[in-house]
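The values are calculated or read from the model by the stated rules, or taken from the named source; none is laboratory data. Keep in mind that this is a model prediction, so the values were computed, not measured. Cβ sites come from the backbone with ideal geometry, for glycine too, and all protein chains shown count toward neighbours.
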Amino acid sequence: MPEVITAGETMAVMAPKEAGPLRYVPDYRLRMAGAESNLAAGLCRLGHSAGWISRLGDDEMGRFVLNSVRAEGVDTCAVKTDGAHRTGLMLKETGSGETRVYYYRENSAASHLSPEDLEEEYLHSARIIHLTGITPVLSGSCEDTVRTMAEFARRYGILLSFDPNIRKKLWGERDYRPLMRELLFSSQIALLGLDEAEQLLWTRKPEEIVGILREKGVRWIALKDGSRGAWAADQEGLERIEPYPCRPVDPIGAGDAFDAAFLAGILEGRDLRTCGQMGGIAGAMATETSGDIEGCPSKEQIMAKLEKKQEIFR
């Protein structure tokens with residue numbers, strides 16, 4: 001049974017083969033994208049087991065997504081096929097080192113995820129339940145599902161991991177910050193960017209952020225700051241994690257790779273600094289290829305970087 005269980009929407013993605021406005025791009029590659037399945041795939045590459053709960057349409061895009069997630073070793077037995085709603089779709093646009101996304105996910109199959117889709121016996125198997133701030137903003141039933149999973153983790157003493165993963169494009173007219181703070185303060189593992197911390201906690205200072213989260217009982221904290229590195233903290237220490245050198249191609253998916261490696265470090269009982277370094281290395285390596293999961297490293301690759309072993313290519 002999976003060590004880590006997560007829930008959320010994974011979409012089919014049309015990724016352009018060329019940079020520039022999409023109206024001038026004739027060719028696309030079919031890929032998948034979803035913060036939760038990205039993390040699950042990252043954990044599997046690092047030698048851990050992960051399960052993903054979701055809904056997919058009974059369509060070709062849904063079958064593509066299911067096959068792709070399953071191919072990464074993720075347990076998909078809790079994924080439901082929804083014949084009444086389509087699989088979500090996302091278009092990517094690249095240019096000038098930036099990536100813009102266009103969502104076609106309103107009323108998607110995953111937006112109808114509900115607490116009835118959760119099986120308690122399955123959730124009981126987890127050591128960590130990982131949630132993001134994306135899933136609860138998709139619909140009222142998705143919010144209920146996330147709240148149910150958080151309450152289940154609290155009731156049965158399962159570690160709750162939360163990454164706000166703020167996506168303002170999905171918020172509409174509602175301010176979801178109170179909900180994000182509620183989930184953040186109820187977690188034992190908080191994984192967030194400094195920009196997100198500023199929106200939710202009104203400060204960018206790592207010491208202040210860590211102090212607020214410690215008072216709420218958060219046991220492990222990762223503060224991500226992109227190319228500037230990160231901070232890792234627990235109830236006692238605060239470690240500055242220097243950025244790992246890389247040649248970035250596409251930043252999408254870096255945060256999910258960081259989260260996966262940080263959680264892997266916790267599952268393996270590693271010290272705080274090593275957990276942070278594992279996250280930093282994975283996040284950096286994820287940027288070196290295009291796509292959400294293509295650059296996620298294996299455990300062997302991360303250990304080689306930690307031990308400063310030179311990789312032989314030929």
Hey, which of the helices (runs of 4 or more DSSP H) in the stretch 100-204, taking only ones fully inside, have at least 2 residues that are in contact with a strand residue (DSSP E or B) (Cβ under 9 Å, 6 or more places away or on another chain) and more than 27 Å from A12 (Cα to Cα)? 140-156, 177-186, 194-201
So, in the stretch 83-99, how many residues would count as being within 22 Å of M14 (Cα to Cα) and either out of contact with any strand residue (DSSP E or B) (no Cβ under 8 Å at 6 or more places or on another chain) or assigned to a strand (DSSP E or B) (or both)? 11
Residues L200, L223: which one is crowded, with 17+ Cβ neighbours inside 10 Å, at pLDDT 95 or above and in contact with a Phe, Trp or Tyr (Cβ under 8 Å, 6 or more places away or on another chain)? L223
So which of V13, V4, V65, V69 ends up being surrounded by 23 or more Cβ atoms within 10 Å (Cβ to Cβ), of a type in the set (A, V, I, L, M) and farther than 21 Å from I252 by Cα? V4
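Which residue is nearest to the chain's Cα centre (by Cα), if the candidates are limited to the stretch 261-314 and must be in a loop (DSSP other than H, G, I, E, B) and at pLDDT 95 or above?
Once the filter is applied, the top-ranked residue is E268.
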Can you name every residue in the stretch 192-211 that is small (G, A, S) and either farther than 23 Å from L39 by Cβ or touching a Cys at 6+ places or on another chain (Cβ under 9 Å) (or both)? G211
Considering only the stretch 9-59, give the strands (runs of 3 or more DSSP E) lying wholly within it that have at least 1 residues that are within 25 Å of A264 (Cα to Cα) and at pLDDT below 95. 28-33
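Looking only at the stretch 268-275, decide whether some residue is under 16 Å from A40 (Cβ atoms) and not polar (S, T, N, Q).
no
Looking for whichever is on the phi < 0 side of the Ramachandran plot, in contact (Cβ under 8 Å) with a residue 24 or more places away in the chain and touching a helix residue (DSSP H, G or I) at 6+ places or on another chain (Cβ under 9 Å) here; the options are A40, A15. Which one fits?
A40
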Can you tell me which residue is surrounded by the most Cβ atoms within 10 Å (Cβ to Cβ) among those in the stretch 29-56 that are in contact with a Leu (Cβ under 8 Å, 6 or more places away or on another chain) and hydroxyl-bearing (S, T, Y)? S54
On the phi > 0 side of the Ramachandran plot and without any contact (Cβ under 8 Å) to a residue 40 or more places away in the chain: does that describe N107? yes
Top-ranked residue in the stretch 144-159 [being surrounded by fewer than 23 Cβ atoms within 10 Å (Cβ to Cβ) and within 17 Å of the chain's Cα centre (by Cα); ranked as nearest to S108 (Cα to Cα)]: A150
